[in-house]
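One structure is given below, encoded as structure tokens.
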Amino acid sequence: MSETLLRLPDVEARTGLRRSHIYLLSSRGQFPRPLKLGNRASAWVEREVTGWINARIRASGRPVSDSTEQVA
């Protein structure tokens, strides 16, 4: 199974969060940490970001649809 990496604009679009808040949550251990791809490039594992989104949906008391649920 291959993993998909998301760059920051994709993570912002998927979560609705801005760059500074993504990095703040990540530093607090409340959001997936990015992978360093190089000196000036980072990316997030899509499966981890999707898992974080689904956890937020569940925490709100709403059901997570089968189409957004990812197998770990």
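Which residue pairs have Cβ atoms closer than 8 Å, lie 6 or more positions apart in sequence or on different chains, and pair a first residue in region 38-59 that is within 18 Å of ALA13 (Cα to Cα) with a second residue that is in a helix (DSSP H, G or I) and of a type in the set (Val, Ile, Thr)?
So the pair list comes out as TRP44/VAL11; VAL49/VAL11; VAL49/THR15; TRP52/THR15; ILE53/THR15.
THR50 fails exactly one of the following numbered conditions: (1) open to solvent by 40 Å² or more (accessible area, probe 1.4 Å); (2) modelled with pLDDT of 95 or more; (3) out of contact with any Leu (no Cβ under 9 Å at 6 or more places or on another chain). What is the number of that condition?
Checking THR50 against (1) open to solvent by 40 Å² or more (accessible area, probe 1.4 Å); (2) modelled with pLDDT of 95 or more; (3) out of contact with any Leu (no Cβ under 9 Å at 6 or more places or on another chain), the one that fails is (1).
Surrounded by fewer than 16 Cβ atoms within 10 Å (Cβ to Cβ), part of a loop (DSSP other than H, G, I, E, B) and at negative phi, is that true of ARG33? Give the derivation first.
Working: surrounded by fewer than 16 Cβ atoms within 10 Å (Cβ to Cβ): yes; part of a loop (DSSP other than H, G, I, E, B): yes; at negative phi: yes.
Criteria met by ARG33.
So, in region 4-17, exactly how many residues are within 17 Å of ALA43 (Cβ to Cβ) and exposed (fewer than 11 other Cβ atoms within 10 Å of the Cβ)? Spell out how you get there, then give the answer.
If we filter region 4-17 for residues that are within 17 Å of ALA43 (Cβ to Cβ), which is where we start, we get 4-15, 17.
Still in the list and also exposed (fewer than 11 other Cβ atoms within 10 Å of the Cβ): 9, 13.
The number of residues fulfilling the criteria is 2.
List every residue pair whose Cβ atoms sit under 6 Å apart, with the two residues 6 or more apart in sequence or on different chains, where the first one lies in region 1-25 and is closer than 15 Å to GLU48 by Cα and the second, anywhere, is outside any loop (DSSP other than H, G, I, E, B) and among the aromatic types (Phe, Trp, Tyr).
Between residues of region 1-25 that are closer than 15 Å to GLU48 by Cα and residues that are outside any loop (DSSP other than H, G, I, E, B) and among the aromatic types (Phe, Trp, Tyr), the close pairs are LEU6/TRP44; VAL11/TRP44.
Exactly one of (1) small (Gly, Ala, Ser); (2) assigned to a helix (DSSP H, G or I); (3) open to solvent by less than 80 Å² (accessible area, probe 1.4 Å) is unmet by SER20. Its number?
(3)
The values are calculated or read from the model by the stated rules, or taken from the named source; none is laboratory data. Fair warning: this is a prediction, and the values are worked out from it, not measured in the lab. Methodologically, a virtual Cβ is constructed for each residue, glycine included, from the backbone with ideal geometry; neighbour enumeration extends over all protein chains shown. Just so you know, the surface numbers come from the protein's heavy atoms only, side chains and all, with ligands and any DNA or RNA stripped out. Shrake-Rupley method; radii C 1.70, N 1.55, O 1.52, S 1.80 Å.
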